[in-house]
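The values are calculated or read from the model by the stated rules, or taken from the named source; none is laboratory data. As the structure is a prediction and not an experimental result, all values here were calculated from the model. Virtual Cβ from ideal backbone geometry, glycine too; neighbours counted across all protein chains shown. The accessibility values were calculated without ligands, DNA or RNA, using every heavy atom of the protein model including side chains. Shrake-Rupley method; radii C 1.70, N 1.55, O 1.52, S 1.80 Å.
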Amino acid sequence: MSNSAAQGARVATAISVIKWILIALAITTGAVSVLAAVLDDGANSITVALAVAAGTAVWSLFVWALFGWFEHTLMALVTISRNTAVAVPASRYDVPPAPYEPTV
């Protein structure tokens, strides 16, 4: 695998990690707002908490779709690169040995 394909795979993995961190942050925000509304006695607090929870759900779906698309596209390009590029050995030790052909 070439260095650029390996770097592309690492970037796709980083995009995936960032995606799940953002989704976890949004879910935590929604859960904290609902918990704060349950513990508060205000009349509008439940309405605000449900609005924040709905907003974080929409945000989570948006992040999941957008970053998932980025990740999928980059991994598809890396796969195409791996399957179509000529493998250049990184050093002389990566070259496979020649097949044994006995001479008669």
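Can we say residue 63 is among the β-branched types (Val, Ile, Thr), surrounded by 14 or more Cβ atoms within 10 Å (Cβ to Cβ) and either modelled with pLDDT of 90 or more or under 16 Å from the mean Cα position of the chain (by Cα) (or both)? It is true that residue 63 is among the β-branched types (Val, Ile, Thr), surrounded by 14 or more Cβ atoms within 10 Å (Cβ to Cβ) and either modelled with pLDDT of 90 or more or under 16 Å from the mean Cα position of the chain (by Cα) (or both). Of the residues 74, 50, the single one that is open to solvent by 50 Å² or more (accessible area, probe 1.4 Å) and touching a helix residue (DSSP H, G or I) at 6+ places or on another chain (Cβ under 9 Å) is 50. Would you mention how many residues in the stretch 19-58 are touching a residue at least 40 places away in the same chain (Cβ under 8 Å) and either of a type outside the set (Lys, Arg) or in contact with a strand residue (DSSP E or B) (Cβ under 6 Å, 6 or more places away or on another chain) (or both)? The total comes to 2.
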